[in-house]
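Okay, so here's the structure we're looking at.
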């Protein structure tokens, strides 16, 4: 009888023993991540699971970071498993402590933030970095940003943005790599590598988040959030490759886009999120929505309410709901009704937990909360040096009549324009935790080089139509040898919800520049902006033009380096610059059409009031030296195997000028006859090379079958035999050509 009474006690003790063993497995690395995930998942209630699929925002007040008190209670209950916009080590530690010390299962939080082009040390906007065509520097920029952000408590960033952008009216072109699929794909890989580092468990690594999946960069009329409409072939050939490249580079997370594709919002689009992302590309991480994009499917008109929207999203493959609270409010009910399954919920939770384990948060939830590291890392001298290096490599020399640049010491300089002594705009949009006071203005940068014989006057404001400052600017210009005029956009004129219907300089800035050009003094225009601008009169009348984008913390030093020749500009445009807004969208790899442009024939594809050619083409950028290209040579292999080279292209390059300089050698290909229409040219390779005066080097490019593949008439991906044109040069227009048959 006594033995029978002991049996229930024995079962209780065994249960406690196994429970403790299971709990130990969760936190013991030797158990393996999948085992630990499954053990933890088995312990979770449905509410706790849904909490892991919920992402809340914090706020930022005048005294620093804040959070709504109710959100803290949601962390305690397990209803909130992830936060964004919370940063700085003290604040992150406070919130992480609630998660791991005041909750039942002690599951640590993810902390996300938009670290787009730097955290505290701000680098050039991504479009500007793309102009460097330097993958090592771009990766370095992302590495510094990750090191700083992780030192400030963060473990997840909503970058890189890899959307192809061909319409400069769209404000978010500033966040991407421009118009080209190949360049965008290589930059996407570099940014993922830089963000995630050698491995996710390292203390200076962030989870990358590829966005916005998919097609967000092609809204009709360039209006943010607008409809995207294109064929699947075009979508796959030109818009999807950068996302795939980022995923194949190991990106841990993917963010959905606001737009629809083929009539279905991306956040509820199973074709995108399941068929392509997971099944075709093998993506293993988790998918997060953009801000409230589940809720917005109601506005799209594909669901009646938030509950249906949540069901559509989960069934399509969305794991985490950003700030919409849809999963939190309705997923239990949807499960009860059979609209979603427990298996779907569990798999979504697994994906989130897996990455928390990979980050090492269960071993040390405070690994990103070291205040001493934060103090020593943010704005460290080495970081500022890197920012200056990337910034000057991002500058594009668009015009340099009479070899005005580089400037010579001893010349009397007057700096004019609203951006000449401005710091607040220099970091651009999406500037992380950057502070304008940490920036070097153009005036400050120039003053280090020319401390005397130097003057600054604003002349006008950005948007104010007041011209009363023109007279003083003109008088100053008359007294000095060279005029530098710094003009452009305000930072908030680009970025999200910042589409522009006009692409000229805002306000009376263009009038100021043109008036200064009338003085007869050499005028150097320094542009700071987040998109290609249409400035045909300035392009004609200014003596020299620098495209300087928004360069970030080291703006003034970087521009001064270029103006005075400490650095020879090597940037090349990642987007075409139009002559007028009527030309957009405009891009280099257009199709030939049945009636290609002929200036001598009316009945061809052209305008009656504007030439077809852009102001400056894709890939364009001048140097203080000159380069001479040899004729390209093509070698075909005697035999080939799957994945091997289909041709090798060699070309010689000579520095024919008097200064050392870097050139971006660009390789383009045209398939002359295909089963479907093909572009007039496509970038398929590039190399950036430094040459001394008189030096010649031979460059080699290897093209594989994948490089020449496209979606054929039957929608299979592959190559076709026939004639190809191989083109090599320093931009997408001035090219040496050779034909080859495959």
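Computed quantities for the displayed model
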read-out: Test: residue in segment 57-77 that is closer than 19 Å to residue 314 by Cβ and either outside any helix (DSSP H, G or I) or modelled with pLDDT under 95 (or both); value: no
read-out: Condition met for residue 673 (surrounded by 15 or more Cβ atoms within 10 Å (Cβ to Cβ), assigned by TED's automatic domain parsing to the domain that holds residue 722 and either within 30 Å of residue 233 (Cα to Cα) or modelled with pLDDT of 95 or more (or both)); value: no
read-out: Residue within segment 181-200 that is within 20 Å of residue 277 (Cα to Cα), at pLDDT 95 or above and part of a loop (DSSP other than H, G, I, E, B) present; value: no
read-out: Of all residues making up segment 291-319, the number that are in contact with a strand residue (DSSP E or B) (Cβ under 7 Å, 6 or more places away or on another chain) and surrounded by 24 or more Cβ atoms within 10 Å (Cβ to Cβ); value: 6
read-out: Filter result (surrounded by 24 or more Cβ atoms within 10 Å (Cβ to Cβ) and in a helix (DSSP H, G or I)) within segment 540-556; value: 555, 556
read-out: Breaking point among (1) in contact with a strand residue (DSSP E or B) (Cβ under 8 Å, 6 or more places away or on another chain); (2) surrounded by fewer than 24 Cβ atoms within 10 Å (Cβ to Cβ), for residue 245; value: (1)
read-out: Residue 568 being in contact with a helix residue (DSSP H, G or I) (Cβ under 9 Å, 6 or more places away or on another chain), part of a loop (DSSP other than H, G, I, E, B) and farther than 29 Å from residue 403 by Cα; value: no
read-out: Residues being assigned to a helix (DSSP H, G or I) and surrounded by fewer than 19 Cβ atoms within 10 Å (Cβ to Cβ) - total across segment 385-404; value: 4
read-out: Residue in segment 416-439 that is free of Cβ contacts under 8 Å to residues at least 40 places away in the same chain, within 23 Å of residue 116 (Cβ to Cβ) and assigned to a helix (DSSP H, G or I) present; value: yes
read-out: Wholly within segment 275-380, helices (runs of 4 or more DSSP H) carrying at least 1 residues that are closer than 24 Å to residue 253 by Cα, out of contact with any helix residue (DSSP H, G or I) (no Cβ under 8 Å at 6 or more places or on another chain) and not assigned by TED's automatic domain parsing to the domain that holds residue 195; value: none
read-out: Residues being over 32 Å from the mean Cα position of the chain (by Cα) and touching a residue at least 12 places away in the same chain (Cβ under 8 Å) - total across segment 641-654; value: 3
read-out: Checking residue 378 against (1) under 24 Å from the mean Cα position of the chain (by Cα); (2) under 25 Å from residue 662 (Cβ atoms), the condition it does not meet; value: (2)
read-out: Candidate set from segment 440-451 (those that are in contact (Cβ under 8 Å) with a residue 40 or more places away in the chain and part of a loop (DSSP other than H, G, I, E, B)); member that is surrounded by the fewest Cβ atoms within 10 Å (Cβ to Cβ); value: 450
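The values are calculated or read from the model by the stated rules, or taken from the named source; none is laboratory data. This structure is a prediction, so every number in the text was calculated from the model and none was measured. Methodologically, a virtual Cβ is constructed for each residue, glycine included, from the backbone with ideal geometry; neighbour enumeration extends over all protein chains shown.
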